[in-house]
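Enquirer: Take this structure first; my questions come after.
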Protein chains: 2
Amino acid sequence: MSVRNILFIMCDQLRWDYLSCYGHPHLHTPNIDALAARGVRYERAYVQSPVCGPSRMSTYTGRYVHAHGASWNFVPLKAGEMTIGDHLRPYGVKSVLIGKTHMRADTSGMARLGIDPESSIGVRISECGFEPFERDDGIHPYSGHDPAPPYNDYLRKADCPGENPWEEWANAAEGPDGELLSGWFLKYANRPARVPDEHSETPYITSRAMDFIDAAGDQPWVAHVSYIKPHWPYIVPEPYASMYGPEHLLPVKRHEDERRDPHPVYAAMQDHRVSKSFARDEVRERVIPAYMGLIKQIDDQMGRLFAHLEKRGIADETMIVFTSDHGDYLGDHWMGDKDLFHEQAIRVPLIVHDPDPRADATRGSVNTDLVEMIDLAPTFLDVYGGAPVPHVMDGISLRPGLFGEATAKRDHVICEYDYSFQDARVTLQTKARDAWLRMISDGRWKYVIAEGFRPMLFDLENDPDEYHDLGGQPGHEETIARLHEALFCWARQPRQRVTVPDGAIESTFVQEKIAEGGILIGYWDEAELEEAIRKEWHPRFAAANPLIGPTLKKLLRKTDRQETEQ
Amino acid sequence: MSVRNILFIMCDQLRWDYLSCYGHPHLHTPNIDALAARGVRYERAYVQSPVCGPSRMSTYTGRYVHAHGASWNFVPLKAGEMTIGDHLRPYGVKSVLIGKTHMRADTSGMARLGIDPESSIGVRISECGFEPFERDDGIHPYSGHDPAPPYNDYLRKADCPGENPWEEWANAAEGPDGELLSGWFLKYANRPARVPDEHSETPYITSRAMDFIDAAGDQPWVAHVSYIKPHWPYIVPEPYASMYGPEHLLPVKRHEDERRDPHPVYAAMQDHRVSKSFARDEVRERVIPAYMGLIKQIDDQMGRLFAHLEKRGIADETMIVFTSDHGDYLGDHWMGDKDLFHEQAIRVPLIVHDPDPRADATRGSVNTDLVEMIDLAPTFLDVYGGAPVPHVMDGISLRPGLFGEATAKRDHVICEYDYSFQDARVTLQTKARDAWLRMISDGRWKYVIAEGFRPMLFDLENDPDEYHDLGGQPGHEETIARLHEALFCWARQPRQRVTVPDGAIESTFVQEKIAEGGILIGYWDEAELEEAIRKEWHPRFAAANPLIGPTLKKLLRKTDRQETEQ
């Protein structure tokens, strides 16, 4: 059966290697593994920025960060940027959001354009082009942006009362005397969240996704089911809180060489509070088991969600995409959180199950091509029969590959980071203009341009754990020059001429059309024009344009000779 | 007196060297020269693209073509791109258009954003952010876009009747038997236009500008008085038609070497009809006198317009900017029209008269710095006291320089050209994606990257006429490498993060604000947070944020200790 709907599932901060189908020895994720068995598992999928906002905006627009400009978490995607929802709408597809986008609305842009933020278009612009079935960015601090998220109402009804039930139940544990302990603190990550599993965030979003599916009518849909987890705060309810212990951790990947004269930007990142915390074993030992529990919970919820598709009888017409917006260092490379380009931060799981029988050719296979998250938007467009929009999207459809067809392969992946919002910029006294890192990797090498500093370079073949930055050492000039030029070629790919498709230009003899419209550039006299019309102009335009006959007649000061000749 | 209004005058296709103040020996332009005498004449002003549309969009947005994306004449500037009008509106300035913009409205973008093209915002978006007092793109062919321009109505009332008076009067001459001869044909360029001088296009736009000035109220204004001329069709009424002859032509600048194995893109451009026409001396001898007549007419109209400012008593509060959107090869380099990067195409006159007494320091001077047309928008913003917007505009304000202050000088100028709409792309079988030329010049060297082809290189010191393209020759590796890298540095300047100003980032300790908002990343426990608050956080934020006190109290599970400490 052909694809009617797309279940576009995104986790937040899920590293590629914390699933059993990606090789984790202790964390068993049978439901996600089963999805991989009936789909394609991409072994080398990369995000376009190592933090939520820009990575997601790239995924939703199919464009690199330098094209869409929403370069960090608090940077609004500008009103007018087209997203998945905008691209699919003309094909009758409804794109809805259930969960997180990390979008901040471009209120000043909307004001300038006279768009009411409360109007349906305004709401859509504020939600990355999705219709919000339920927006929930998953973090509701006491003093945060959203004072009354529906999840808090839900918790209150589920016997989890309070001024801010999220903080008091989902993000809190209990001490020995029943006192509340904040989930913000890493120290308490080994304690169960107070909220019962069935009312915690991942099951809640799953239920809301099921609500959407139940209520969806006949219109084809893309449901962006977007989980906040396993993103921090690292805290999970039972039974997941007790499932894993320090004995289930992957060996930490860090090297003393990495602290010896590191690249200045890397040094500043290592100096972030979160990095210093995760450099401590006690932090890793408390946090990672909770991180694993959160993933195990997601896997269970995937089982529930996939079963629901079966139950509704739409499993065979629903494509399922499972991925994440970036990874998590978890103490590897002396780093916490994300913010740089090691595999732990930018490589994510990507599994695509396509129910189309043509995809039987690749079912259960592992794809080792370099792929990027910006490839999803063009894939979705492809699914609904949309013409490619290379003048807008940087991504390339994965679908021919899903059908086992030979496809153009990427020879590199790109990841960008605007660290101007980070403490590293303050430490390094960098101007916001210049606080940019751009990475290119061809799979073998990873090269990073850091404005104002030397580049970084890693050899993934001889140093797969990326312990040795060769960017400051002699002997790699040729590699650096090659990747430097590849990055320049990438930087000059034009993606702002979004108002005219390439095809419209290429299918038209523009200059002839201009002439046929009566604008004659460089013609000496009437005879020269006549000759050009006879010999050069493509009659299809002349035939198609009802204005051209009379125009030419007037220009040529002829009677009806022209018309009788045609 | 300080500046209240800006008269922003743009000619179309006026080469820098066809004014007497720029050294033309036969074409006397006393009114423009007088403006230069009371202002600054920029000797090295460059446009950002050698054709109307993209050059203008760069001028109006203050952004390079690769940033705004409107890369050729029929490419709509996307709804949402900010222009002079948008930047000045918050300062109470009204920006109006009288004449040409070559803007095509982004109708699909407006439809997607729910903007009615007929609404005031829709009209503004359709006119580059200007309020159209009178839009007139100056070319009204029989089968063209605008069937009923106001100018045609005007002509009819002025005893120039007809179905299309523009074609029949402004763009037509008469043959010996009174037959109409079309101004489109170069052969007739030496004949006077049928329209009387006072009703021809340049005086008409001048009159409309004067109408605007007369009707303008107390609100400060920027009036973009935008002439179509001396752009083709090359035809001018008497007395200008008879003023100049072949004896007044500048010697043609072309060299046989330029036709010997030229760069493929240059070869394809030489092969354009208009180039082949202008390679013929009879074309140059008929056309250039008309071109000169059109400029002489502009100069006379400048006299009229400047006198009107005096008469209205606003000359001493009105800044006057006089420039053009690009040049004209006129047969130099075996080229007609524009479309490449020789000085004839991309160097334009730029004269700025600033009535502010602080500008007395530079009055009558010649500025030889490299300047770009994108510098005008930030100059205007500066005039009205607006804070610079380097996250949006690539340009730099010229105003400190007008006051004689030491300013940061450009070390290069950039010009881009998307030739995908030109016959050259068809000839070269280039994909629209790749039909890009990017030029960088440091004043001494001019270097051009042509996607898919070798670069071009000119040495303006040893070859000021640019006859010898060194791009394919050995011996310039170092220069090429340097300019290549400079172009890469330019290409990675971020100008899409338009929704957050640099200053907003740099003035804020973002991570602390996040923490004060209740999002605590990487804190081990309560004690660590307390310590951070005491030692690291900047109290101004804590003090400014009414939410932080209670939040911290809750997070820390403390009583009132925190508050009493502060």
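Enquirer: Determine the shielding of peptide B:81-94 by partner chains: average, over its residues, the number of Cβ atoms on other chains within 10 angstrom of each Cβ.
Expert: Rounded to a whole number, the mean comes out at 1.
Enquirer: Could you state the number of Å between the C-alpha centres of region B:152-195 and region B:497-523?
Expert: Answer, in whole Å: 64.
Enquirer: Could you tell me the calculated FRET efficiency between B:Asp281 and A:Tyr91, based on Cβ-Cβ distance and R0 = 51 angstrom, to the nearest 0.05?
Expert: The formula returns an efficiency of 0.35 here.
Enquirer: In degrees from 0 to 90, rounded to the nearest 10, what is the angle of the helix A:526-535 Cα long axis to the longest principal axis of chain A?
Expert: Helix A:526-535 sits roughly 60 degrees off the main axis of chain A.
Enquirer: At B:Pro251, label 7 Å along Cα→Cβ: distances to the other copies, nm, ascending?
Expert: 7.9
Enquirer: What chymotrypsin sites (Phe, Trp or Tyr not before Pro) in region A:256-311 are in a loop by DSSP, with at most 15 other Cβ atoms within 10 Å of the Cβ?
Expert: none
Enquirer: For peptide A:53-66, what's the mean number of Cβ atoms from other chains within 10 Å of each residue's Cβ?
Expert: Taking the mean over all residues of the peptide, I get 1.
Enquirer: When you take every Cα atom in region B:33-116, what is the radius of gyration, and what is Dmax, the widest Cα pair distance, in Å?
Expert: Cα radius of gyration and Dmax of region B:33-116 are 15.1, 49 Å respectively.
Enquirer: For the protein assembly as shown, give the share of DSSP beta bridges that are antiparallel, in percent and rounded to the nearest 5; count only bridges with both residues there.
Expert: In the protein assembly as shown, DSSP labels about 50 percent of beta bridges as antiparallel.
Enquirer: Kindly give the distances from B:Ala158 to its copy-mates, label point to label point, with each label point 7 Å from Cα along Cα→Cβ, as nm values to one decimal ordered shortest first.
Expert: Values, ascending and in nm: 7.6.
Enquirer: Any idea what Rg and Dmax come out to for region B:42-182 if you just take the C-alpha atoms, in Å?
Expert: That works out to 17.8, 59 Å for Rg and Dmax.
Enquirer: Compute the distribution of all C-alpha to C-alpha distances in region B:418-491, in bins of 5 Å from 0, and list the percent of pairs in each, rounded to whole numbers.
Expert: Bins of 5 Å from zero give 3, 15, 24, 22, 17, 14, 4, 0 percent of pairs.
Enquirer: Separate question: What figure, in Å² to the nearest 10, do you get for the accessible area of A:Lys409 with a 1.4 Å probe and non-protein molecules left out?
Expert: 130 Å²
Enquirer: Hey, how many Å between the Cα centroid of region B:244-264 and the Cα centroid of region A:293-322?
Expert: Cα centroid to Cα centroid, the span is 71 Å.
Enquirer: Next question. Relative contact order for chain B using alpha-carbon pairs under 8 Å, separation at least 6, rounded to a whole percent?
Expert: 21 percent
Enquirer: Suppose R0 equals 56 Å; then what is the FRET efficiency for A:Met1 and B:Glu310 from their Cβ-Cβ distance, rounded to the nearest 0.05?
Expert: 0.10
Enquirer: Residue by residue, what Karplus-based ³J(HN,Hα) values in Hz, rounded to whole numbers, does region B:301-318 have, using 6.51, -1.76 and 1.60 with θ = phi - 60° and x for Gly and Pro?
Expert: 5, 4, x, 5, 5, 5, 4, 5, 4, 4, 4, 7, x, 10, 4, 7, 10, 10
Enquirer: Still on this structure: Remind me, relative contact order of region B:418-491 in percent, using alpha carbon pairs under 8 angstrom and six or more residues apart?
Expert: This gives 20 percent for region B:418-491.
Enquirer: For B:Lys253, go through the lysines and keep the ones whose alpha-carbon is under 29 Å away, minus same-chain ones fewer than eight residues off.
Expert: Partners within reach: B:Lys187, B:Lys229, B:Lys276, B:Lys296, B:Lys338, B:Lys446.
Enquirer: Report the gain in length on full extension from A:Arg260 to A:Ala504: 0.36 nm times residue separation, minus Cα-Cα distance, nm rounded to one decimal.
Expert: So the extension gain works out to 82.4 nm.
Enquirer: Relative to 2.2 N^0.38 Å, what does the C-alpha radius of gyration of region B:271-388 come to as a ratio? Two decimals please.
Expert: Normalised by 2.2 N^0.38 Å, the Cα Rg of region B:271-388 equals 1.35.
Enquirer: Taking 2.2 N^0.38 Å as the expected size of a compact globular protein, what ratio does the Cα radius of gyration of region B:475-524 give against it, to two decimals?
Expert: 2.03
Enquirer: If you don't mind, another one. To the nearest 0.05, how large is the calculated FRET efficiency for B:Glu536 and B:Thr427 if R₀ is 45 Å and r is the Cβ-Cβ distance?
Expert: 0.10
Enquirer: Just for the Cα atoms in region B:370-528, what are the lengths along the principal axes, largest first, rounded to whole Å?
Expert: Its Cα atoms span 71, 43, 34 Å along the three principal axes.
Enquirer: Moving to a separate point now. Pairs of Cα atoms under 8 Å, at least six residues apart: use those to get the relative contact order of region A:38-153, whole percent.
Expert: 21 percent
Enquirer: Which of the peptides B:39-46, A:468-475 is most tightly packed, and how do the rest follow, going by the mean number of other Cβ atoms within 10 Å of each residue?
Expert: Packing order, densest peptide first, comes out as B:39-46, A:468-475.
Enquirer: Still on this structure, I have one more. Enter the mean number of other protein chain beta carbons within 10 Å of the beta carbon of each residue in A:513-521, as an integer.
Expert: Counting other chains' Cβ atoms within 10 Å and averaging over A:513-521 gives 6.
Enquirer: If you fit an axis through the alpha-carbon atoms of helix B:201-215 and take the longest principal axis of the Cα set of chain B, what angle between them do you get, 0 to 90°, nearest 10?
Expert: Relative to chain B, helix B:201-215 is tipped by roughly 40 degrees.
Enquirer: Okay, next question. Using Stokes-Einstein with the Kirkwood hydrodynamic radius over Cα pairs, what translational diffusion coefficient do you get for region A:229-304 at 37 °C and a viscosity of 0.692 mPa s, in µm²/s rounded to a whole number?
Expert: The diffusion coefficient I find is 234 µm²/s.
Enquirer: Kindly provide the GluC sites (Glu not before Pro) of region A:146-250 that DSSP labels as loop, not H, G, I, E or B, and whose Cβ sees at most 12 other Cβ atoms within 10 Å.
Expert: Those satisfying the criteria are A:Glu163, A:Glu179.
Enquirer: No solvent, one uniform scatterer per C-alpha: report log10 I(q)/I(0) for region B:175-255 via the Debye equation at q = 0.19, 0.22, 0.26 1/Å, two decimals.
Expert: After summing over all Cα pairs, the log10 values are -0.93, -1.10, -1.31.
Enquirer: Using helices alone, I'd like the mean residue ellipticity at 222 nm for chain A: each DSSP H run of four-plus residues gives -39500 (n - 2.57), total over residue count, nearest 500.
Expert: Calculated at 222 nm, the ellipticity per residue is -9000 deg cm²/dmol.
Enquirer: Right, here's the next one. Quick one: Debye curve from the alpha-carbon atoms of region B:345-443 only, equal weights, vacuum; give me log10 I(q)/I(0) at q = 0.12, 0.17, 0.24 Å⁻¹ to two decimals.
Expert: Listed by q, the Debye log ratios stand at -0.53, -0.85, -1.32.
Enquirer: May I ask for the Rg/Rh ratio of chain A, computed from Cα atoms with Rh as the Kirkwood radius, given to two decimals?
Expert: Rg divided by Rh gives 1.05.
Enquirer: Quick one: label points 7 angstrom along Cα→Cβ at B:Gly385, distances to the other copies in nm, smallest first?
Expert: In ascending order, 6.0 nm.
Enquirer: Normalised by the empirical 2.2 N^0.38 Å for globular proteins, what value does the Cα Rg of the protein assembly as shown take?
Expert: Dividing the Cα radius of gyration by 2.2 N^0.38 Å gives 1.02.
Enquirer: Please give every one of the aspartates and glutamates within straight-line cross-link reach of A:Lys311, meaning a C-alpha to C-alpha distance under 16 Å, and leave out same-chain neighbours fewer than 8 residues apart.
Expert: A:Asp211, A:Asp214
Enquirer: Quote the accessible area belonging to B:Trp72 in square angstrom, nearest 10, computed with a 1.4 Å probe and with ligands, DNA and RNA left uncounted.
Expert: 10 Å²
Enquirer: Right, next: Using C-alpha positions alone, give me the convex hull volume of region A:134-279 per residue in cubic angstrom.
Expert: About 184 Å³ per residue, rounded to a whole number.
The values are calculated or read from the model by the stated rules, or taken from the named source; none is laboratory data. Everything numeric in this text was worked out from a predicted model, so none of it was measured. With ideal geometry, Cβ positions are generated from the backbone for all residues, glycine too; neighbour counts draw on all protein chains shown. Surface accessibility is based on the protein's heavy atoms, side chains included, excluding ligands, DNA and RNA. Shrake-Rupley method; radii C 1.70, N 1.55, O 1.52, S 1.80 Å.
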